[in-house]
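Here's the structure we're looking at; comments come further down.
What follows is calculated from the coordinates using simple rules that are stated; it is not laboratory data. No experiment lies behind these values; they were computed from the predicted model shown. Ideal geometry is used to build each Cβ from the backbone, glycine not excepted, and the neighbour counts take in all protein chains shown.
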Amino acid sequence: MTNVTIDAKPAALSCSLQHTAAIIIDMQRDFVEPGGFGETLGNDVSLLRRAIAPCKTLLDGLRAKGMLVIHTREGHRPDLSDAPPAKVSRGAPSLRIGDMGAMGRILIRGEPGHDIIPELAPIAGEPIIDKPGKGAFYATDLQSILINRQIDTLLVCGVTTEVCVHTTVREANDRGYRCVVVSDCCASYFPEFHEVALRMVAAQGGIFGWVSDSARVLEAIA
Ligand code: C5J
């Protein structure tokens, strides 16, 4: 058992590398690249790119240590049978979920836009969780995978900080997992939401978890 201590807010966190996994939330072309779901909602998708390089560096470090890395993708079945009408009809996007866009049908499994961006492509053996919701536990087998791999601590990265990252952290926290949000490996279309979302996690003694950054995590596991 290799125990390490991660410098984090609101306090340092000790964890075992064997029981810690990274979860990379929704680093998909649909969110990060032009012509996808994120852009149909009126967002400047370039704002998410700042998380890519830190995520890649962190992944390289975790993989070198043999740590578990899990990826998630938000999306729906081609027949939309798992897409709540309240989600599909919400707002006034330029294209709705299921419509044909520049990277195939918006937020639909199997379409090019649903893929994880090439820079952060999963490698052999890394589980990919396809999720219909914002949280990675809802309607997925994530918890079974974590139980079977005896994971108790999650290093949470991805986009967007205040939506799918936050929802997943809240879900994980309620299930007893210790979550470290890796701040520079997350991003939002709204930088101010990113900052506040991180503060919300670590406030009140760490009400949902801990906040650290990729340099501190890599230093801890080195
Ligand atoms: C959103 C996500 N923002 N991955 N999804 O709809 O955060």
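Rounded to the nearest 20 debye, the dipole magnitude of region 49-166 is 200 debye, with +1 charges on Lys and Arg beta carbons, -1 on Asp and Glu beta carbons, and the Cα centre as origin.
Share of pairwise Cα-Cα distances greater than 19 Å in region 160-222 is 27 percent (whole percent). Averaging 1/r across all pairs of distinct Cα atoms in region 68-124 and inverting the result yields a Kirkwood radius of 12.5 Å. With equal scatterers on the alpha carbons only and no solvent term, can you work out the Debye log10 of I(q)/I(0) for region 1-84 at 0.17, 0.21, 0.23 1/Å? Those come out to -0.88, -1.05, -1.13, one per q. The helix-based estimate of mean residue ellipticity at 222 nm for the chain, built from -39,500 (n - 2.57) per DSSP H run of four or more residues and divided by its residue count, is -8000 deg cm²/dmol to the nearest 500. Label sites at A139 and E219, each approximated as a point 7 angstrom past Cα along Cα to Cβ, lie 4.2 nm apart. Please work out the FRET efficiency for the pair A92 and S46, using the Cβ-Cβ distance as r and a Förster radius of 22 Å; give the result to the nearest 0.05. So the FRET efficiency works out to roughly 0.50. Computed with the Debye formula from one identical point scatterer per Cα of the chain, without solvent, the log10 of I(q)/I(0) at q = 0.08, 0.12, 0.15 Å⁻¹ comes to -0.26, -0.59, -0.93.
On full extension, the segment bounded by D82 and D99 gains 4.6 nm, given 0.36 nm per residue less the C-alpha separation.
Overall size of region 95-134 from C-alpha positions, given as principal axis extents largest first: 33, 21, 14 Å. Of the residues V163, A215, I151, the one whose Cα sits farthest towards the positive end of the charge dipole of the chain is I151 (charges of +1 on Lys and Arg Cβ, -1 on Asp and Glu Cβ, taken about the Cα centre). In region 84-171, Rg over Rh equals 0.98, where Rg is the alpha-carbon radius of gyration and Rh the Kirkwood radius from pairwise Cα distances.
Here the peptides 5-16, 125-136 are ranked by packing, the mean other Cβ count within 10 Å, and the order with the highest first is 125-136, 5-16.
Between I97, I145, I117, the residue with the greatest mean-square fluctuation in the GNM of the chain (Cα pairs under 10 Å linked by springs) is I145.
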